[in-house]
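Single-structure report; data block below.
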Amino acid sequence: MALRFEVLGRFNRARAAQLTLPHFLCQTPLFMPVGTQGTIKGLTTTQLEDIGCQIILGNTYHLALRPTSELIDELGGLHKFMNWPRALLTDSGGFQMVSLLHLADITEKGVTFQSPVDGKPMLLTPEESIQIQNRIGADIIMALDDVVKTTITGPRIGEAMRRTLRWIDRCIAAHKRPHEQNLFGIVQGGLDPVLRDECVRGLVARDLPGYAIGGLAGGEDKDSFWRVVAQCTTTLPEDKPRYVMGVGYPLDIVVCSALGADMYDCVYPTRTARFGTALVPEGVVKLKHKAMADDTSPIDPTCACMVCKNYTRAYIHCLVTKDAMGSQLLSYHNLYYMMTLSRDLHSSIIQGRFPEFVCKFLQKMFPKGDVPQWVCNAMEVAGIDISSCCAPFFSSQG
Amino acid sequence: MNFSVKAWSNGGRARAGVLQVGSCPSPIETPCLLLSTRKGLPHFISPDLLPSLPSPHSHLLQVSPLHFFEALSPNTISTIGGLHQLLGLHEYGFVAVARDSIQCLPEFNSTNRVGASFETPRGRALIKPLEYMKLISSLRPNIWTTLADEVPAWVSDQRNKTSVDRTLRWIDECVILSPAGGAVFGACVGGSNIEERRRCAQELAVKNVSGYWIGGFGLGESMDERPALLNAVTVRGRQTFCIYETTCATSLQTLQIWKSLPEEKPRLICGLGLPEEVLQGVAAGIDLFDSVYIYHLTLGGFALTFLLDRFEEKLSKPRSNDTGGDGTKINLRATVYRKDTTPIVESCKCYTCQNHTKAYINHLLNVHEMLAQILLEIHNTHHYLGFFRSMRESIKEGKFEQFRQNFIQSRRDHLAKATVCA
Ligand SMILES: [Zn+2]
Ligand SMILES: [Zn+2]
C-alpha cells in the first residue's frame, strides 16, 4: 500500500479526507481531469497546478499505443515524461478497448481486440494491463475488469462481476510496484444489489488500497445510478478512498459526495469546453449562442479564474469552435470550476456546513425549486435536508 | 507613441531605436518583433503564459481588425472598452494592420475605388475606409496603419500606379476619420516597381502621420529584388550623396529629387519572415516586423535552434539530415527525437525548454495534441525575440553587417555540409 487516507471531517455519510499519494497530498472529495495522451487538451502543466488539479488521469490504452509504455518507462515514467509533479492515475485499458473498438471481445484470458495499428488480433490480460501500468508509473493504477453496459440485463452481468473478482487476484499477483503504486479494485455487478454486494465483499477481502465503483455513467437512469453508489459506499471500508468512475456532471459529484464517495473523473468539462459550453453555478452557458455576441459580462461573474477576470462572453463567443484559444480558455475555466467545486465540498464538510453548501448549490442550479426527484431521494438517504431549496409542487411529485 | 533612433550601424542604414507606447510599462527597443495574433491573442499562448516571454520586447501585439469584422460589432467592442479591455492585456501595445498575412490576405482583383478586398475565413470581404475606421475607433489600438491597396509582384505598371494612387487617397480618408489617441502609420506600397515605391514614399513623406507601414511585401517578389525596393523608400539623402559622390555627377540633384521616408519616424513591415529576410529589412532601416514566420514554423512542428548570443559564433555543426532541419531549425516530428530527453535548446530560458523535452513534444505532435503548438509557439517566439536582441546589440556595437554576413555564411556552410551528409 502506497497511500494514506485520513478522514478529516464528516457530515453523515459525506466525508472530507486527506489522501497522501506518492506524488501529492490530495484533499477529497476531488475531481480528476482526463489527460488521455499525457496532456490535458490545450493546457500546460503549470496551468493545471495553478487551477489546483491534484490528480490527472492517463489512458493506458492510448499511452500503450503511443508513445508506448516501454518508452515512458525508459524515459523515467509518465510523471517525468509530461513533467507533472503531482499525482497520476491510469485506467486498466480494458474499458477504452471495449468502448473504442468494435471488435473487442472478453474471454477468461482477457480482452481480445484487433490492433488498431495492423489489424492483428491482440490480447490484453490482467497481468499485461498491470505490467503496462507499472511501466507508466502512476500513483494509482486500476485493475482490469470485465466491463458490461449498465443497460444490459441477464446472466452476463453476474458473469462479468465474478470474472472481475477472479481477475483481481491475477492483477494483485502481477503488481510489481505495490510500494510505489496503489492498485484499486473495481466494484462491478450492474444495477443488481445482490451482485454488487458480492463484489464489494470479494474485493474488501483482498484489502486493497482503494476501491472504485465501476460500470456506471453509461446511460442508466439516475435513480439506479445513485442507489448503486449509495449501496457501495455503505459497504466499502471507511478508511479507504472510494472512486466513482466516469462521473461527471457537477450535480452528480455533489450527490455522490453526499453519499460518501471521494474521487471522480470525467472528460466532460474539457470536452464540452471544446464545443463551446461553459460550466457555471446555474448549469451551463452555451457560448456559441448568438445572444452571447453582445454579452459583455464574464462567463461566470462569481468565478475568480483568469478567464472570468479578463474576458467577456462576447469575446469568448467569437473564439469558440473557431480558434484554438477558445477551447484553451474555456477548458481553463471549466477545470477551474470543477476544482472550486471540489474545494468547496471539502471545506464545507470540514467546517460543518455541508448541508448549507448543498442547498446553495441546488438553489443556483434550480432557482425555481425544481430539483430532480432522484436528487431529493438521494439526499434523503444521505441525510441532507434540502427542503429549503425544493418548491413544494416539485418535491411532492413522485 | 514616441520614437527615436539611438544608433546607426557603421556605414549602413540599419538602426537601433526606442519606441515608447503608452500602455507598455517600459520602452521597447527596435528592431523589434510584433507578435502575431488571432483576434488579439497569440495563436496558442494563452494570456497567463504571455508574461513568461522576455519583457518588454514581447509586449507589442499585431492585430488584424478584419478578425473582428462581422464577428464582434464595433459597438460591443466599444462598450467593452477597446482591445486592451477586450483582451485583458493592459500593459501591451496593440498595432492594428488590416491583413494578418495568414488567413486574411489582400485580394487585389476585387479591390476597387471604394475599398480594399481581402480573402478571409468567412469569404471575401470588401472593406471601405469608413468601415475600417469604425473598427479602428472601437478597437483603440496604440498604433494603426491606413488601409492599403496591396498588389502582388506581377501586376502591370498601370495596376501598380492605381494601387499607389488609391493607397495615398485612403491615407487622407483614414486620417480625417482617425480617432483620438492612436498613432497612425501611413501605408507605403508600390509593388515591385521601384519608381512607384519612390513616388509613394515621397508623397507619404509630407503627410501628417506618426510612422510608416511598408506594405506589398511577401506577395510574390523575389528575395533578390527586395533590397532595391526597400532602399527606394528608406534611403537617406545623406547616404545617397555618399554613395553617388565619386561616381555620379548628378548626385546632388538625385538627393533633392529622391526624398525618402523621414528617418525620425518608425517603419513597420509585414511579409518578411525568414531570418535572412528580416536581416534584409533591418539592413534597409526597418524597425518593426511581423511574426507569421513563427506561426508557420509552429504549425509545421519546427523549433528554431540557431545560436543567438554572439554574432562571431558559427552555427552549431549540422547533424545528419534526419533531424528534418536546416541548421536554423529542427522538425520535432522527426523520429530521432522520440527518446531525446533534452530540451529544444539546452541554454534556452523559455518556458518550454525549462519544462519539457524534445521526446515529449515529439509525442504530442504524433498524437495531434494542441499542447505541442503551445509549447512550440512559446519557444519559437522566445528564440526569435532573442534573434532581434542580437541584431540590436550588433547595431549598437556597429557590427551589424558582420553579424548579417556571419549569419548568412554559416547557414550556407551548413546547407553545403548537410548536402554532403545526405
Ligand atoms: Zn472562470
Ligand atoms: Zn526554448
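The values are calculated or read from the model by the stated rules, or taken from the named source; none is laboratory data. Every value quoted in this text rests on a predicted model; they were computed, and no experiment measured them. Note that each Cβ is placed from the backbone with ideal geometry, even for glycine, and that neighbours are counted across all protein chains shown. The accessibility values were calculated without ligands, DNA or RNA, using every heavy atom of the protein model including side chains. Shrake-Rupley method; radii C 1.70, N 1.55, O 1.52, S 1.80 Å.
Some observations on this one:
- Entirely in the stretch A:33-84, the helices (runs of 4 or more DSSP H) that have 1 or more residues that are open to solvent by 10 Å² or more (accessible area, probe 1.4 Å) and charged (D, E, K, R): A:45-51, A:69-74, A:78-82
- The residue that is farthest from the chain's Cα centre (by Cα), among those in the stretch B:364-395 that are more than 13 Å from chain A (Cβ to nearest Cβ) and charged (D, E, K, R), is B:Glu393.
- Residue in the stretch A:234-253 that is touching a Lys or Arg at 6+ places or on another chain (Cβ under 6 Å) and either away from ligand 1 (no atom under 16 Å from the Cβ) or not polar (S, T, N, Q) (or both) present: yes
- Candidate set: the stretch A:309-326, residues that are open to solvent by 10 Å² or more (accessible area, probe 1.4 Å) and in contact (Cβ under 8 Å) with a residue 24 or more places away in the chain; chosen: the one farthest from the other protein chains (Cβ to nearest Cβ): A:Thr321
- Condition met for B:Ile361 (within 14 Å of another protein chain (Cβ to nearest Cβ), in contact with a Cys (Cβ under 6 Å, 6 or more places away or on another chain) and modelled with pLDDT of 95 or more): no
- Enumeration of residues in the stretch A:126-170 that are small (Gly, Ala, Ser) and either more than 22 Å from the chain's Cα centre (by Cα) or open to solvent by 70 Å² or more (accessible area, probe 1.4 Å) (or both): A:Gly154, A:Gly158
- First in the stretch A:128-152 and closer than 15 Å to A:Cys171 by Cα, second anywhere and charged (D, E, K, R) and buried (at least 24 other Cβ atoms within 10 Å of the Cβ), Cβ under 8 Å, 6 or more apart: A:Met142/A:Asp91
- Scanning the stretch A:376-388 finds no residues that are of a type in the set (A, V, I, L, M) and more than 22 Å from A:Ala261 (Cα to Cα).
- Any pair with Cβ under 6 angstrom, 6 or more apart, that starts in the stretch A:40-59 at a residue that is farther than 18 Å from B:Ala372 by Cβ and ends at one that is in a helix (DSSP H, G or I) and aromatic (Phe, Trp, Tyr): A:Ile51/A:Tyr336
- For the stretch B:54-83, residues that are part of a loop (DSSP other than H, G, I, E, B) and either within 10 Å of chain A (Cβ to nearest Cβ) or open to solvent by less than 10 Å² (accessible area, probe 1.4 Å) (or both) total 8.
- Residues located in the stretch A:289-306, provided they are more than 9 Å from chain B (Cβ to nearest Cβ) and within 14 Å of ligand 1 (Cβ to nearest atom): A:Ser297, A:Pro298, A:Ile299, A:Asp300, A:Pro301, A:Thr302, A:Cys303, A:Ala304, A:Cys305
- Within the stretch A:259-285, residues that are in a helix (DSSP H, G or I) reach partners that are more than 13 Å from ligand 1 (Cβ to nearest atom) with beta carbons closer than 6 Å, at six or more positions or on different chains, in the pairs A:Thr270/A:Lys41; A:Ala273/A:Ser327; A:Arg274/A:Ser327.
- Scanning the stretch A:327-336 for residues that are open to solvent by less than 30 Å² (accessible area, probe 1.4 Å) and in contact with a helix residue (DSSP H, G or I) (Cβ under 7 Å, 6 or more places away or on another chain), we see that the one that is farthest from ligand 1 (Cβ to nearest atom) is A:Ser327.
- The stretch A:3-27, residues that are under 30 Å from B:Pro47 (Cα atoms), part of a strand (DSSP E or B) and touching a helix residue (DSSP H, G or I) at 6+ places or on another chain (Cβ under 7 Å): A:Gln27
- Options A:Lys109, A:Lys149; residue that is at pLDDT 85 or above and among the basic types (Lys, Arg): A:Lys109
- Residue within the stretch B:325-336 that is part of a loop (DSSP other than H, G, I, E, B), touching a Phe, Trp or Tyr at 6+ places or on another chain (Cβ under 6 Å) and under 25 Å from B:Thr30 (Cβ atoms) present: yes
- Residue in the stretch A:9-16 that is within 23 Å of A:Lys176 (Cβ to Cβ) and more than 13 Å from every other protein chain (Cβ to nearest Cβ) present: no
- Among residues of the stretch B:348-375 that are assigned by TED's automatic domain parsing to the domain that holds B:Leu50 and closer than 18 Å to A:Trp84 by Cβ, none has a beta-carbon under 7 Å from a residue that is within 15 Å of ligand 2 (Cβ to nearest atom) and part of a helix (DSSP H, G or I) at least six positions away or on a different chain.
- Unique match (being more than 14 Å from chain B (Cβ to nearest Cβ), open to solvent by less than 20 Å² (accessible area, probe 1.4 Å), in contact (Cβ under 8 Å) with a residue 12 or more places away in the chain and touching a strand residue (DSSP E or B) at 6+ places or on another chain (Cβ under 9 Å)) among A:Met365, A:Met339: A:Met339
- Residue match in the stretch A:161-180 (condition: of a type in the set (S, T, N, Q) and touching a helix residue (DSSP H, G or I) at 6+ places or on another chain (Cβ under 8 Å)): yes
- Matching residues, the stretch B:310-358, being at pLDDT 95 or above, away from ligand 2 (no atom under 15 Å from the Cβ) and crowded, with 18+ Cβ neighbours inside 10 Å: B:Asn331, B:Ala334
- Criterion: under 18 Å from the mean Cα position of the chain (by Cα) and either within 13 Å of another protein chain (Cβ to nearest Cβ) or crowded, with 22+ Cβ neighbours inside 10 Å (or both) - qualifying residue of B:Pro51, B:Pro31: B:Pro31
- Flag: B:Ala148 does not match the condition of being surrounded by fewer than 21 Cβ atoms within 10 Å (Cβ to Cβ) and in contact with a strand residue (DSSP E or B) (Cβ under 8 Å, 6 or more places away or on another chain).
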